[in-house]
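The structure appears below as structure tokens.
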């Protein structure tokens, strides 16, 4: 089954995008990944182990994007590509090769946003190309929690068929979904659960390191405050004492920031290395399974 065989009029989204959900859509990139997998009969929930590591990153939650290893569990591979030719031509060539594209688009030209941004305001979002009929000039695309169609000027804006040097190209990724490479049944459940447990453990370890760094930084600040009180008590009659005390506090705050940021960088570096190594391990395991399967088929 290909995406071209899916009809927008009868398409039923995955359960996470059901209309009885309070927030059926919350991450435009992940929303289309969920539907790309669901439309091919695969379970997207199996590659969302990263959810257990979401944390407040400054003024917002960290962006949820499954790793390469997580996507491999369900037979998906995603790679950034350079749109150096007309985007419509690249979309057609990727569809012909069994791939699709996830690209940034302006919701101003997406009919499914009627009543919010369609033809009223400009908002960046992610869509996935499902099918493209160049003769009829119709594009079927996944967006948010569904499959939709657009044509006419909307198509010209979303998938230009010319190369304009003055146009800012969008961020584009090529996506291949291969159900034959996906785990299934008990193997998928076990691998997905193990991945979630591992990520939760990594997150807890990271929180422990950050908590330790925070306590140490708090001690530095407390020590500086006590030094300030002592200095002001001894030299309260002079402005020089007040200035020296303030310098102590500022220095302590700078040391606090260095300790905290250093701990975060260390934790992130360790996690990134671990994720890469685990991805390589999963790839090696899959290759081993493929070779064993080939031997079994030869014996049969």
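Within region 160-173, can one find any residue that is under 20 Å from residue 64 (Cα atoms), surrounded by 20 or more Cβ atoms within 10 Å (Cβ to Cβ), at pLDDT 90 or above and under 19 Å from the mean Cα position of the chain (by Cα)? Checking region 160-173: not a single residue is under 20 Å from residue 64 (Cα atoms), surrounded by 20 or more Cβ atoms within 10 Å (Cβ to Cβ), at pLDDT 90 or above and under 19 Å from the mean Cα position of the chain (by Cα).
Kindly indicate whether residue 183 is modelled with pLDDT of 75 or more, within 30 Å of residue 77 (Cβ to Cβ), out of contact with any strand residue (DSSP E or B) (no Cβ under 6 Å at 6 or more places or on another chain) and surrounded by 14 or more Cβ atoms within 10 Å (Cβ to Cβ).
Numbers: modelled with pLDDT of 75 or more: yes; within 30 Å of residue 77 (Cβ to Cβ): yes; out of contact with any strand residue (DSSP E or B) (no Cβ under 6 Å at 6 or more places or on another chain): yes; surrounded by 14 or more Cβ atoms within 10 Å (Cβ to Cβ): yes.
Here the answer is yes, as residue 183 does meet what is asked.
The residues on offer are 135, 69, 97, and the sole one that is under 28 Å from residue 285 (Cβ atoms), out of contact with any helix residue (DSSP H, G or I) (no Cβ under 8 Å at 6 or more places or on another chain) and assigned by TED's automatic domain parsing to the domain that holds residue 172 is 97.
Among the residues of region 138-159, those identified as closer than 28 Å to residue 37 by Cβ and either free of Cβ contacts under 8 Å to residues at least 12 places away in the same chain or not in a strand (DSSP E or B) (or both) are 144, 145, 154, 155, 157, 158, 159. In region 109-128, the residue that is farthest from residue 35 (Cα to Cα) out of those that are touching a residue at least 40 places away in the same chain (Cβ under 8 Å) and under 23 Å from the mean Cα position of the chain (by Cα) is 110.
In region 30-41, which residues are touching a strand residue (DSSP E or B) at 6+ places or on another chain (Cβ under 7 Å) and crowded, with 21+ Cβ neighbours inside 10 Å?
To start, the set of residues in region 30-41 that are touching a strand residue (DSSP E or B) at 6+ places or on another chain (Cβ under 7 Å) comprises 32, 35-37, 40.
Answer for region 30-41, where residues must be touching a strand residue (DSSP E or B) at 6+ places or on another chain (Cβ under 7 Å) and crowded, with 21+ Cβ neighbours inside 10 Å: 32, 35, 36, 37.
Tell me yes or no: at least one residue of region 170-182 is over 29 Å from residue 15 (Cα atoms) and touching a helix residue (DSSP H, G or I) at 6+ places or on another chain (Cβ under 8 Å). Yes: one or more hits.
The values are calculated or read from the model by the stated rules, or taken from the named source; none is laboratory data. Please read all numbers here as calculations on a predicted model, not as lab measurements. Here Cβ is always computed from backbone atoms with ideal geometry, including for glycine, and neighbour counts include all displayed protein chains.
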